[in-house]
Amino acid sequence: MTARQIFYTGRVQGVGFRFSVKQLAKGFEVLGWVQNLADGRVELQVMGETEELEEFIEEIQDSHLGGFIRETEIHSISLLENTSGFSIR
C-alpha cells in the first residue's frame, strides 16, 4: 500500500475537475479525497496498491481532464489514516 499527494495546476477549478476525479476513482481500488485550494490548484490525496494507484493517476491525465492540467506535482506521503472510500472536500 502506498499514498500520494498530488497538486494539479491549470484550469482545474470550475470545470468539474473534482467530480470527474471522484467518478474515475470508482473504477479503481483507491481511497482518498480531492479538494480545491485557495490558490487555484486542486489537491488529491490518494492511497492504494502501487500499481492500482499509478494506473489511477495515469487515467486522470489521460482522461478529458488532461486538457485542463498545466502542471502536476506528485509527492509520496504517509498512508492516510481513518480514510474510507473516496470523497470531495
Working carefully through the options LEU53, LEU65, LEU44, find the one that is at pLDDT 95 or above, in a helix (DSSP H, G or I), in contact with a helix residue (DSSP H, G or I) (Cβ under 7 Å, 6 or more places away or on another chain) and buried (at least 19 other Cβ atoms within 10 Å of the Cβ). LEU65
In segment 25-41, what residues are touching a helix residue (DSSP H, G or I) at 6+ places or on another chain (Cβ under 6 Å) and either surrounded by fewer than 17 Cβ atoms within 10 Å (Cβ to Cβ) or among the aromatic types (Phe, Trp, Tyr) (or both)? PHE28, GLU29
Does PHE7 fit the bill of being surrounded by 11 or more Cβ atoms within 10 Å (Cβ to Cβ), at pLDDT 95 or above and in a loop (DSSP other than H, G, I, E, B)? no
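The values are calculated or read from the model by the stated rules, or taken from the named source; none is laboratory data. Fair warning: this is a prediction, and the values are worked out from it, not measured in the lab. Cβ sites come from the backbone with ideal geometry, for glycine too, and all protein chains shown count toward neighbours.
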